[in-house]
1. If you scan the stretch 27-44, which residues turn out to be assigned to a loop (DSSP other than H, G, I, E, B), touching a helix residue (DSSP H, G or I) at 6+ places or on another chain (Cβ under 9 Å) and surrounded by fewer than 17 Cβ atoms within 10 Å (Cβ to Cβ)?
2. Just to verify a result, which residue in the stretch 85-110, among those that are at pLDDT 95 or above and over 20 Å from the mean Cα position of the chain (by Cα), is farthest from residue 52 (Cα to Cα)?
3. Look through the stretch 54-75, keep the residues that are under 11 Å from the mean Cα position of the chain (by Cα) and in a helix (DSSP H, G or I), and return whichever of them is surrounded by the most Cβ atoms within 10 Å (Cβ to Cβ).
4. Just give me the residues in the stretch 139-178 being out of contact with any strand residue (DSSP E or B) (no Cβ under 8 Å at 6 or more places or on another chain), surrounded by 15 or more Cβ atoms within 10 Å (Cβ to Cβ) and assigned to a helix (DSSP H, G or I), in sequence order.
5. If you go through the stretch 15-37 one residue at a time, how many are under 16 Å from residue 121 (Cα atoms) and touching a residue at least 60 places away in the same chain (Cβ under 8 Å)?
6. Please go through the stretch 91-110 and pick out each residue that is closer than 24 Å to residue 169 by Cα and assigned to a loop (DSSP other than H, G, I, E, B).
7. Can you name the residue in the stretch 111-128 that is in a loop (DSSP other than H, G, I, E, B) and in contact with a helix residue (DSSP H, G or I) (Cβ under 8 Å, 6 or more places away or on another chain) and is also surrounded by the fewest Cβ atoms within 10 Å (Cβ to Cβ) among such residues?
8. Run residue 136 past the list (1) under 14 Å from the mean Cα position of the chain (by Cα); (2) under 16 Å from residue 70 (Cβ atoms) and report the number of the one that doesn't hold.
């Protein structure tokens, strides 16, 4: 299962360009992972759900969530995998900006303050996106336990999360791709 997911990531998401790509962190890297090419693919989504759920389950979360847009399919896949096991798990999405109408909130989903949560990420570089999601979730009142990612680029994200007392578990590292 893990090998099949890795093959899909390598074939569909991994890009190399000599002149580099600008990352969300602002850094430039010759290696880029366009994970939406995999997280929105029917063959990969069941694998993603099961493998991320295996990592998240050990924290006994009541909810999983992450920053929109990258985490949206991950949240759905993990909730689906947990549901297949009969595990009750709420999903939530962290908006980048508060909703402009209605409730005007950052957190979408049927979560309540005090719930134990795991943040999901497609790729962690410096940890900035994960930390933003954690901060919004904690402001809402969730107890964030950890971050679980598809890929850790090993560029400081693990250390930045550890400074906040949050472990990072990832299925793969960038080094696995070359």
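The values are calculated or read from the model by the stated rules, or taken from the named source; none is laboratory data. These figures come from a predicted structure and were not determined experimentally. Note: ideal-geometry Cβ built from the backbone for every residue, glycine included; neighbour counts use all protein chains shown.
1. The answer is 34, 40, 41, 43.
2. So, considering only residues that are at pLDDT 95 or above and over 20 Å from the mean Cα position of the chain (by Cα), the one farthest from residue 52 (Cα to Cα) is 86.
3. Out of the qualifying residues, it is 74.
4. Result: 160, single match.
5. Qualifying residue count, the stretch 15-37: 6.
6. Scanning the stretch 91-110 gives 95, 96, 109.
7. Result: 113.
8. Every condition holds for residue 136 apart from (1).
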